[in-house]
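Novice: Please read through the structure below; I'll follow up with questions.
The values are calculated or read from the model by the stated rules, or taken from the named source; none is laboratory data. Every value quoted in this text rests on a predicted model; they were computed, and no experiment measured them. All Cβ positions, glycine included, derive from the backbone under ideal geometry; neighbour counts span all protein chains shown. These accessible areas exclude ligands, DNA and RNA; they are computed on the full protein's heavy atoms, side chains included. Shrake-Rupley method; radii C 1.70, N 1.55, O 1.52, S 1.80 Å.
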Amino acid sequence: MLSDTLKPRRTRGLNLQPPQAWTAILALVLFTALCLAAGAGSILRYTFPAGALLVGLFLFQRYPLLYMGFTWWLWFLTAWVARMVDLQAGWDEQRVMLIAPVLVTSLCGITVFKHLPTSCSRGGMPFVLGMLGVCYGFFLGLVQYPMFPVVRALIDWLPPVLFGFHIYIHWRDYPSYRQNLLQIFLWGTLILGAYGIYQYMVAPEWDRYWITSSGIRSMGSPTPRGIRVFGTLHSTGPYATVMMVGLMLLFANPTPLKPVVSGAGYLGFMLSSVRSAWGGWLVAILIHLSSLKSSLQMRLIMAAAIMMVCVIPLSQVQPFAGVIGPRLQSLTNLTNDRSFNARTEIYDENFNSALLQGLGNGLGAITRENVVDSGVIELLWTLGWMGALPYLIGLLMLLMAAIMNTESRFDPFVSVSRAIGISILMQIVITSTMLGVSGIMLWGFLGFTAAAHQYYKHRPPPLL
């Protein structure tokens, strides 16, 4: 009998969920669609986050699997809905709607409140240390800056740690959480990849308005074939991270849709032109490959070859080759690359002073106006060594456990999750991958590796 650790089972759990859960989700979707269709997008600016929070709370209390799916899809799609609203109601400098996934993810704080007293003795110490580091930065910021920028920074830093803790605490349900996540990212990769291609070819009006109003020049020009693809997310970096994760999870998902999803996913991923994510994908592939038996390594290599056969012909023809080719060639000549030189200057100007930050400057010290394009510098500058040490120790504890535990040898999902976590953490040198949706991926997938270890510890996998 084939173990469920080797091949995820098809689950009918979502189909058997009581209709009340889907009624709540579809009510929010229908209300949003009707407001947009009627040109009344301004109504959604506050009702969408409030409605998402209510639906999320209902699902959190009664249908935990649907809560997880609902949360992931909010991270995937909320920025796109916000752009549609901005097109109808005008530019919102505060980006109020983007708080919807943050609010729903923050419900995981209820899990922390329930389980914190006993979690330290049951493997939850890494997450507690991460929370302590963030809370230190929060209180330090409160005594120095206005509350709004401090709270805004908090909702970037804290929800990822809460989310990872929530996943870990539900280790007893690891198989169903694993299968649920594979399905979410299967369809998410397909939809986000297909939309990314459409965005590049057409440059929809709402995306052009976002590029023009935000003033973010790194997203290219607001013209067809001029956009650096950011899909349904708010910028290229988070989009590329989500796509990298989704494409890696395909290696653990025995679905017949793999060629179709790979074609759309890889092409959208390449059109984002985020080289750090491309490098992260390669690192994740190598880490995943090293953890497998020789027979499984050959299967992985064959699967990767099939995926490349689906993607390479598309990337070599116009209009895609014109943007993908030069970006790939720039990897061999970084000394003349503006982006590389800009990051080098950031380290030259800020790294030494960041290393001397004993107490730190607190959350709110770095805002959208003085953003530092380096996760290492932002971590030290914000939390100082006083807050960065517990935060980093928590991450390293999860990382070392993921490397030393043996579940990746027989569970491909654990192997992929470990590779994703390490890959995203390594990119902290280039960008702030511990924040926002990238932080959700970082802490979430390291949380999955910890949950898998607890699950197999108490229920060893059957021998073949």
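Novice: Please work out if Tyr145 is within 19 Å of Gly360 (Cβ to Cβ) and not in a helix (DSSP H, G or I).
Specialist: yes
Novice: Follow-up. Tell me whether segment 192-213 contains one or more residues that are polar (S, T, N, Q), within 27 Å of Gln94 (Cα to Cα) and open to solvent by 10 Å² or more (accessible area, probe 1.4 Å).
Specialist: yes
Novice: For segment 39-50, name all the residues that are assigned to a helix (DSSP H, G or I) and either surrounded by 18 or more Cβ atoms within 10 Å (Cβ to Cβ) or in contact (Cβ under 8 Å) with a residue 40 or more places away in the chain (or both).
Specialist: Passing the criteria: Gly41, Ser42, Leu44, Arg45, Tyr46, Phe48, Pro49.
Novice: Being at pLDDT 95 or above and surrounded by fewer than 20 Cβ atoms within 10 Å (Cβ to Cβ) narrows it down to one residue among Leu107, Leu103, Leu77; which is it?
Specialist: Only one candidate qualifies: Leu103.
Novice: If you go through segment 214-222 one residue at a time, do you hit one that is of a type in the set (D, E, K, R) and in contact (Cβ under 8 Å) with a residue 24 or more places away in the chain?
Specialist: No, because not a single residue in segment 214-222 is of a type in the set (D, E, K, R) and in contact (Cβ under 8 Å) with a residue 24 or more places away in the chain.
Novice: Check off (1) in a helix (DSSP H, G or I); (2) over 30 Å from Leu247 (Cα atoms); (3) in contact (Cβ under 8 Å) with a residue 60 or more places away in the chain for Asp207 and give me the number that stays unchecked.
Specialist: So the condition that Asp207 fails would be (2).
Novice: Turning to a different aspect of this structure: Just to be sure, is Ala419 touching a residue at least 12 places away in the same chain (Cβ under 8 Å), open to solvent by 30 Å² or more (accessible area, probe 1.4 Å) and in a helix (DSSP H, G or I)?
Specialist: Taking the combined requirement at face value, the residue does not satisfy it.
Novice: Continuing with this model, one more query. What are the pairs with Cβ atoms under 7 angstrom where one residue, in segment 77-92, is touching a residue at least 40 places away in the same chain (Cβ under 8 Å) and the other, located anywhere, is in a loop (DSSP other than H, G, I, E, B) and open to solvent by less than 10 Å² (accessible area, probe 1.4 Å)? Sequence gap at least six, or different chains.
Specialist: Cβ pairs passing all conditions: Leu77/Thr232; Ala79/Thr232; Ala79/Leu233; Trp80/Thr232.
Novice: Among what's in segment 214-240 and is part of a helix (DSSP H, G or I) and either among the hydroxyl-bearing types (Ser, Thr, Tyr) or at positive phi (or both), pick the residue that is most open to solvent (accessible area, probe 1.4 Å).
Specialist: Result: Ser218.
Novice: Right, Leu399: open to solvent by 10 Å² or more (accessible area, probe 1.4 Å) and either more than 12 Å from the chain's Cα centre (by Cα) or of a type in the set (Val, Ile, Thr) (or both) or not?
Specialist: Yes, satisfied.
Novice: For Ala89, only one of the following conditions fails: (1) closer than 29 Å to Gly39 by Cβ; (2) at pLDDT 95 or above; (3) small (Gly, Ala, Ser). What is its number?
Specialist: (2)
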